[in-house]
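Presented below is the structure to which this report refers.
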Amino acid sequence: MAEELCVRLVPLFNQLSIDRQRQVEQLVHHQRVRRGTIVVSPNNSNRLVIVKQGKGRLYQLSAAGEEQVQRVLSTGDYVGETWLLGVTNSSSYVEMTTDSDICILDRADFTRLIQNHSDIALKLLAGQAVTIDDLRQQTQLMGLPSIEERLAMYLNHLVAKQGSTLVTLPLKLKDLSSYLGTTPETLSRKLAQLQKSGQIDRHLRQIRVLESL
């Protein structure tokens, strides 16, 4: 039976040799947390958090206290690479949305790890490139003047990313509306309009794009 290593869930680590994975696993702290627990905040962000089992969300708080969802986290996802490398977290939070098992790698241990193992540092840089691209896409979306245009571009991104005209929304409507800079009511109405016009066919979080948006 294969070892249940938390780090094996993470692309950053799962291509390492099993001996190297065991070395990393020895540095990890395991926690069981309840739904609603804030596991990362500006006051507590010197850590890499791995979702071993469960779901969470990464969001930012504006100066006015409004939430903007950046990512939804599920089993195998992780967050915190930039903070471990010294970037200041001034407004980001990670909240678990289900009872979850998480693994935490503290900054001091992680820093020693990448100093000693260049292969891990290179994988970290590759992961950061993906994260930067995701943020670039969201910036492009928010630069569009209307919610219709943002929604169309978002669905087109999903079609390209998932390789099918039948896509699954990775976010709940509440979180997707925040991501797109609108309200759940407006987003629901716009999706209904697209379905009525025959451009999409939607069932819950599954959407088939029937016409070019």
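The values are calculated or read from the model by the stated rules, or taken from the named source; none is laboratory data. Since we're looking at a predicted model, the values are computed, not measured. We place every Cβ from the backbone using ideal geometry, glycine too, and count neighbours over all the protein chains shown. These area figures cover heavy atoms from the full protein model, side chains too; ligands, DNA and RNA do not enter into them. Shrake-Rupley method; radii C 1.70, N 1.55, O 1.52, S 1.80 Å.
Carbon-plus-sulfur fraction of the accessible area of the stretch 40-134, 1.4 Å probe, in percent? Summing carbon and sulfur atoms, their accessible area is 48 percent of the total for the stretch 40-134. Looking at the chain, the accessible area is 54 square angstrom per residue; that uses a 1.4 Å probe and ignores ligands, DNA and RNA. Only Cα pairs under 8 Å and 6+ residues apart enter the sum, and on that basis the relative contact order of the chain stands at 19 percent. For K172, a cut-off of 16 angstrom between C-alpha atoms picks up these aspartates and glutamates, skipping any fewer than 8 places away in its own chain: E67, E95, E185. Averaged over residues, the count of other Cβ atoms within 10 Å places the peptides 65-73, 173-181 in the sequence 173-181, 65-73, highest first.
Would you mind checking K52/K161; K123/K190; K55/K123; K55/K196; K52/K123 for any pair whose Cα atoms are more than 28 angstrom apart? All intermediate terms of the calculation are to be shown ahead of the outcome.
Working: K52/K161 24 Å; K123/K190 39 Å; K55/K123 24 Å; K55/K196 32 Å; K52/K123 19 Å.
Violating the 28 Å limit, Cα to Cα: K123/K190; K55/K196.
By accessible area, using a 1.4 Å probe on protein heavy atoms only, the stretch 137-213 has 54% of its surface on carbon and sulfur. For the stretch 174-190, 3J(HN,Hα) computed residue by residue from phi via the Karplus equation (6.51, -1.76, 1.60; θ = phi - 60°) reads 4, 6, 5, 5, 5, 4, 8, x, 9, 9, x, 5, 5, 4, 4, 5, 5 Hz, glycine and proline entered as x.
Any idea what the dipole of the chain comes to, in debye rounded to 20, about its Cα centre with Lys/Arg Cβ at +1 and Asp/Glu Cβ at -1? Please report the intermediate quantities before stating the final value.
Working: 25 positive and 22 negative charges, 74 e Å.
Approximately 360 debye in magnitude.
Placing R0 at 41 angstrom, the Cβ-Cβ distance between R107 and N156 gives a FRET efficiency of 0.60 after rounding to 0.05. Remark: the stretch 1-122 is approximated by an ellipsoid whose semi-axes, taken from the C-alpha gyration tensor as √(5λ), come to 25, 17, 11 Å, largest first. Which whole-number percent of Cα pairs in the chain have a distance greater than 23 Å? Across the chain, Cα pairs with separations above 23 Å total 52 percent.
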